[in-house]
1. Here are some residues: Val251, Val207, Val213. Which one is in a loop (DSSP other than H, G, I, E, B) and closer than 25 Å to Ala104 by Cβ?
2. Would it be correct to say that Arg155 is modelled with pLDDT under 90, under 16 Å from Val272 (Cα atoms) and open to solvent by 10 Å² or more (accessible area, probe 1.4 Å)?
3. Quickly run through region 106-121 and pick out the residues that are within 18 Å of Leu185 (Cβ to Cβ) and crowded, with 24+ Cβ neighbours inside 10 Å.
4. Being hydrophobic (A, V, I, L, M, F, W, C), buried (at least 24 other Cβ atoms within 10 Å of the Cβ) and in a helix (DSSP H, G or I) is the requirement here; does Ala306 meet it?
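The values are calculated or read from the model by the stated rules, or taken from the named source; none is laboratory data. The structure displayed is predicted, hence computed values, not measured ones. As a convention, Cβ positions derive from the backbone with ideal geometry for all residues, glycine included, and neighbour counts pool all protein chains shown. We work out accessible area using only protein heavy atoms, side chains counted, and drop any ligands, DNA or RNA first. Shrake-Rupley method; radii C 1.70, N 1.55, O 1.52, S 1.80 Å.
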Amino acid sequence: MRAQDSATAAGTIAVTIGTKTSPTPGTGAPQHTVKAPASRGSLLAALGVVAFSLTFPSTAWGLESFGPWSLVALRSTLAAVIAGGFLLAVRAPVPARHHWGGLAVVAGGVVVGFPLLTTLALQTSTTSHAAVVVGLLPLTTAVLGSLRTGERPSRTFWAAALAGAAVVIGFTVQQSGGALAPGDLYLFGALLVCAAGYTEGGRLARVMPGWQVVGWALILCLPLAVAGSAVALPLEPVHLTAHGILGLVWVAAGSTFFGLYVWYKGMAEIGVPLASQLQLAQPLLTLAWSFLLLGEEVSAAAPLAAVAVLVCIAATQRTGRRDRAAQRAAGESAPVRS
């Protein structure tokens, strides 16, 4: 019997994990399976990492013109205006009620919490030191993502991720003389709230476009951002410079809007744990930007730690891809009665 006939015989179909199916017109039944290319998801997530790597140097520039509270409030306000313009232009539908809780987690973690805590930390910490401490973010995100989404990476994946985290912890202790500095406490708090925001945003990006996840989270924070700007600007000194304005524009348009858009889209395609480990490259990139843009002196331990963490990326990506391939193979071998 041909596929075009109106009757179908009882049989089995294979379900492929991590793929999308197109329904047959008028029936809703799966017509064919389309696999989302893993290379595209990795590329999108990598673009997000590059955008994020410029956040600390741009924040340092922004602090030349604005106080920490003013910078964070203006950053969120400007990013929300950009996102609102895009949402209006395409007439994006308002998210369903059950999605607003997740959007609130994204807003609290990556729109408010992480920018505020890292900005406060950079008042007493160099961008190179902060960058390597935030190298713990991939492991934190992978753990929360595994718990939240149900993905189960292999032991080899976790071993490589833990090795990268161990390098970061060792660097932090060595740089601080065995004691945590006030800036480190801000940074560790930023890790937790940002990992929660990344995980929830990656989950939501599976059911709505990634830029809309970012956009609605920013809109949710807009009233708070406007109020914060109105309160902070009169209380903190403002000295406008070219660096300060460029820094503000990048953290708003580059890091917050564009960076989060491609990041969440990449996470939706390749999974939260696998995408999170690409961010192990962020400390190395930030160290390079700090040297080139800020002229910071980078200690010998900082690039060594960053390179060691970078080696762990290769291990996590290779293992993660193998894990996903095994999951797809297992799904294809499990028949489902049509």
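1. Details: Val251 fails: in a loop (DSSP other than H, G, I, E, B); Val213 fails: in a loop (DSSP other than H, G, I, E, B).
Unique residue meeting the criteria: Val207.
2. no
3. Phe114, Pro115, Thr118, Thr119, Ala121
4. On the way: hydrophobic (A, V, I, L, M, F, W, C): yes; buried (at least 24 other Cβ atoms within 10 Å of the Cβ): yes; in a helix (DSSP H, G or I): yes.
Criteria met by Ala306.
A quick yes/no check of all residues on (1) open to solvent by 50 Å² or more (accessible area, probe 1.4 Å); (2) hydroxyl-bearing (Ser, Thr, Tyr):
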{"position": "Arg206", "(1), (2)": "yes, no"}
{"position": "Gln212", "(1), (2)": "no, no"}
{"position": "Leu248", "(1), (2)": "no, no"}
{"position": "Tyr264", "(1), (2)": "no, yes"}
{"position": "Ser276", "(1), (2)": "no, yes"}
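Residues checked against (1) in a loop (DSSP other than H, G, I, E, B); (2) within 16 Å of the chain's Cα centre (by Cα):
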residue: Thr124; (1), (2): yes, no
residue: Pro138; (1), (2): no, yes
residue: Ala142; (1), (2): no, yes
residue: Trp158; (1), (2): no, no
residue: Ala163; (1), (2): no, no
residue: Phe171; (1), (2): no, no
